[in-house]
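What follows is one structure encoded as structure tokens, with my remarks underneath.
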Amino acid sequence: MKLFLLKLKKDSKGLEELALSLLDEKLISKYKKRSDRDRVSSLTGLIMLSYVSFKRGLVCGDDEDFSEITYEDLTDLEFKNHMEKGMFPSELIFGKKGKPRFSGNEFYFNISHSGNIIILATHKSEVGADIQIIDDRSMERIETIAKKVF
């Protein structure tokens, strides 16, 4: 499995403009009902995925890897020129529950975000990733949530 991490800056205005300029309207519309911050994080996760497929291809081996992606990576001129030709090398489709994947490829991914962090996990078989920033909620509340979820 490969993990990629992006730490968002406080002001996500630049990322929203980047997403609106790079992604097609059909894809953006799938996220229109989300809050501003959630929509920007989700769309930025897809831009991260495009960046990874551009730099590394849609290939996942058995080796584990962790990389940090920066805002500067996503705004790199070479990558922006690539995005003008098409976001992904194969079609992005959505499953019954809305989980995106690529058609006709043994490349799986999952995107999660919380607070100012976005992670992207890729693997050659189905993969799930989740991140949760713990804020100032009391430990009692966290334990209640954990009991319900786990």
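At a probe radius of 1.4 Å, what is the per-residue accessible area of Glu68, in Å² to the nearest 10?
Its accessible surface works out to 100 Å², give or take rounding.
Cα-Cα over 30 Å: which of Lys55/Lys147; Lys55/Lys148; Lys2/Lys96; Lys2/Lys80; Lys99/Lys148?
Beyond 30 Å: Lys55/Lys147; Lys55/Lys148.
Arranged from highest to lowest average of other beta-carbon atoms within 10 Å per residue, in what order do the peptides 77-85, 33-41 appear?
33-41, 77-85
Based on DSSP H runs of at least 4 residues, each adding -39500 (n - 2.57), what is the mean residue ellipticity at 222 nm of the chain after dividing by all its residues, to the nearest 500 deg cm²/dmol?
About -11500 deg cm²/dmol.
Just to be sure I follow: if Rg is taken over the C-alpha atoms of the chain and Rh is the Kirkwood radius over the same atoms, what is Rg/Rh?
Reported Rg/Rh (Cα atoms, Kirkwood Rh): 0.97.
The values are calculated or read from the model by the stated rules, or taken from the named source; none is laboratory data. Worth saying up front: this structure is predicted, and the values here are computed from it rather than measured. All Cβ positions, even for glycine, are placed from backbone atoms using ideal geometry, and neighbour counts span all protein chains on display. Surface accessibility is based on the protein's heavy atoms, side chains included, excluding ligands, DNA and RNA. Shrake-Rupley method; radii C 1.70, N 1.55, O 1.52, S 1.80 Å.
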